[in-house]
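Down below is the structure, laid out as structure tokens.
Values in this text are rule-based calculations from the coordinates and carry no lab data. No experiment lies behind these values; they were computed from the predicted model shown. Here the Cβ positions follow ideal geometry from the backbone for every residue, glycine too, while neighbour counts run over all protein chains shown.
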Amino acid sequence: MRRYRSVLAVCVLLAGLSLALLSNGRDGFWWAALNELALFAAAGIAIPFYYDLFLRDAERQRFLDEMTTLLDDRLDTGQRIRVRAEGRPGPAEKAEFQREARSEIIEIGVALRSLVSLYVSRPEEDYAGPVRRLLSRGVDITYIVADPGSDLLAAYATSIGDPDLPALAAHSVRQLTDIAQRFAAEGHPGKIAVRITGHLPTGYLNIVDPDADTGRCRVSPYLAGLRRADSPVSDILRADHPELFARYAAHARTVLADSRPA
């Protein structure tokens, strides 16, 4: 339909221009009137049609372009956030994620059982070795676990059908404290601290250099029906998503400030 309207408009425009050319330069009242009517027909029919056909499309496209730019600027979507549907990666990838840390790592979880297993069940070079190298460069590492004696953790454990979770959290605290003491005995400039929070973590967070431009964090929500380690994981770089990263950094600082030494 639009195609036929276009053809009709072209015919009207050409007819009007033809009459205008035919009457142009002719003397007399009727020739002058014909010239005016021809121009009126061309302008009154063809031009509004082409405005509707082309200019409105251009305006619509400009609106969409401007909206896209606005959303890109506001949400900083220039870089994609990497999401792992299969859950937390293995020890080698975790060590790589932390390898370039400059000053600080904060890791928060309900019980951090997966973290403990990397120290006690894996070969030294899989994870303990890379952590030792971080400590030797002066990187401080803080592990924060939910308070094993809190009512919040007890209620959460009941809600997910894992009544042993508070005891597991307490066991993690003891194991991580032993690990921290062994590293401290080696005399590294960087230290491991183990702390307990009164907050109930609603997700896992591993944040590297939260105050640096090179900061990065790994986040994973706790989803009902899934093991905590199997929940989707997102990697966020401060350089790519500064606003989003800042929110997780603020969360880490709040939990840290509310925590106490184990």
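With a simple spin-label model that places each label point 7 Å from the Cα along the Cα-to-Cβ direction, the separation between residue 99 and residue 82 comes to 1.1 nm.
Cβ crowding within 10 Å ranks 94, 191 as 191, 94, fewest other Cβ atoms first. The Cα atoms of region 183-262 give a gyration tensor whose axes a ≥ b ≥ c have a/c of 1.5 or more with a/b no greater than b/c, which makes the shape oblate. Our note on the geometry: Cα centres of region 123-173 and region 174-196, 13 Å apart. Rounded is the label for region 82-261, because the ratio a/c of its alpha-carbon gyration tensor axes (a ≥ b ≥ c) stays below 1.5.
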